[in-house]
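Let me begin by presenting the structure, written as structure tokens, before commenting on it.
The values are calculated or read from the model by the stated rules, or taken from the named source; none is laboratory data. The shown structure was predicted, so the numbers you read here are calculated from the model rather than taken from an experiment. Glycine also receives a Cβ, built like all others from the backbone with ideal geometry; neighbour counts cover every protein chain displayed.
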Amino acid sequence: MVQNESNFTCPWWLLFTFDNPMRKLIHNPNRILRPYVNAGNKVMDIGCGMGYFSLELARLVGPNGKVIAADLQPEMLAGLEKRSNKAGLQSVIQPHLCTPKMIGVTEPLDMIFAFWMVHEVSDRTAFMQELYSLLKPDGILFIVEPIIHVTRKNFETTLDLGCEIGFSEISHPQVAISRSVIFLK
Ligand SMILES: C[S@@+](CC[C@H](N)C(=O)[O-])C[C@H]1O[C@@H](n2cnc3c(N)ncnc32)[C@H](O)[C@@H]1O
């Protein structure tokens with residue numbers, strides 16, 4: 001079993017240090033997500049925080065698609081709802097409260113996006129197995145981890161785990177100050 005050694009969950013107030021209007025200069029959500037999302041897709045932004053990427057996912061899937069924006073912290077989902085209402089995207093984005101042990105979503109997904117959150121999950125093995133089970137055949141899991149908190153060795157553990165579970169490691173898109181992987185089910 002792969003476990004998170006630090007037991008750290010990014011508190012909602014800390015998100016304001018990096019999730020601000022300047023963030024687009026480093027992490028442009030459209031550039032990062034566009035190659036992996038199609039109109040009409042059902043996707044999940046797991047560990048969505050206040051929805052920085054959920055909004056762009058909603059624009060990309062369009063009115064016939066769906067974005068499940070899932071997080072452990074109600075404060076994060078409250079921030080997400082404010083943002084999605086303001087952007088007029090509330091009909092596409094469905095907020096979902098997880099527990100630390102289970103995501104608890106049931107519908108099959110085309111793509112799952114996990115940005116800077118996998119290192120916070122306490123039981124990485126169970127978590128990634130649940131992600132695998134939620135994806136449709138040929139579904140994509142896109143993981144991005146921060147180089148500040150996740151060493152190359154730690155990230156390689158995630159890569160090995162994904163392959164053990166049954167994913168194929170497809171590519172490693174360039175994302176600033178991050179390590180990333182595209183897994184295919
Ligand atoms: C560093 S923040 C990143 C937020 C967002 N992805 C972004 O880039 O703006 C990590 C988020 O993952 C959430 N998180 C941590 N463990 C989780 C779990 N097991 N299930 C769902 N969300 C989790 C935290 O509550 C936090 O909102």
Note to self: Looking at Pro21, Pro11, Pro63, Pro35 in this structure, which one is within 11 Å of the ligand (Cβ to nearest atom) and surrounded by fewer than 19 Cβ atoms within 10 Å (Cβ to Cβ)?
What the structure shows: Pro11
Checklist line | Enumeration of residues in the stretch 102-132 that are among the aliphatic types (A, V, I, L, M) and either away from the ligand (no atom under 11 Å from the Cβ) or part of a helix (DSSP H, G or I) (or both) | finding: Leu109, Met111, Ile112, Val118, Ala126, Met128, Leu131
Check: Across the stretch 38-58, which residue is nearest to Thr99 (Cα to Cα) among those that are surrounded by fewer than 23 Cβ atoms within 10 Å (Cβ to Cβ) and away from the ligand (no atom under 13 Å from the Cβ)?
Finding: Lys42
Next item on the list: Read through the list (1) touching a helix residue (DSSP H, G or I) at 6+ places or on another chain (Cβ under 7 Å); (2) at pLDDT 95 or above; (3) within 13 Å of the ligand (Cβ to nearest atom), then give the number of the only condition that His149 fails.
Entry: (2)
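The rows are residues; the columns are (1) at pLDDT 95 or above; (2) crowded, with 19+ Cβ neighbours inside 10 Å; (3) under 22 Å from Gly40 (Cβ atoms).
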position: Lys82; (1), (2), (3): yes, no, no
position: Asn85; (1), (2), (3): yes, no, no
position: Ser91; (1), (2), (3): yes, no, yes
position: Ala126; (1), (2), (3): yes, no, no
position: Phe142; (1), (2), (3): yes, yes, yes
position: Glu145; (1), (2), (3): yes, yes, no
position: Arg179; (1), (2), (3): yes, yes, no
Margin query: Can you tell me which residue is nearest to Ile32 (Cα to Cα) among those in the stretch 127-173 that are more than 16 Å from the chain's Cα centre (by Cα) and among the polar types (S, T, N, Q)?
Written below: Ser171
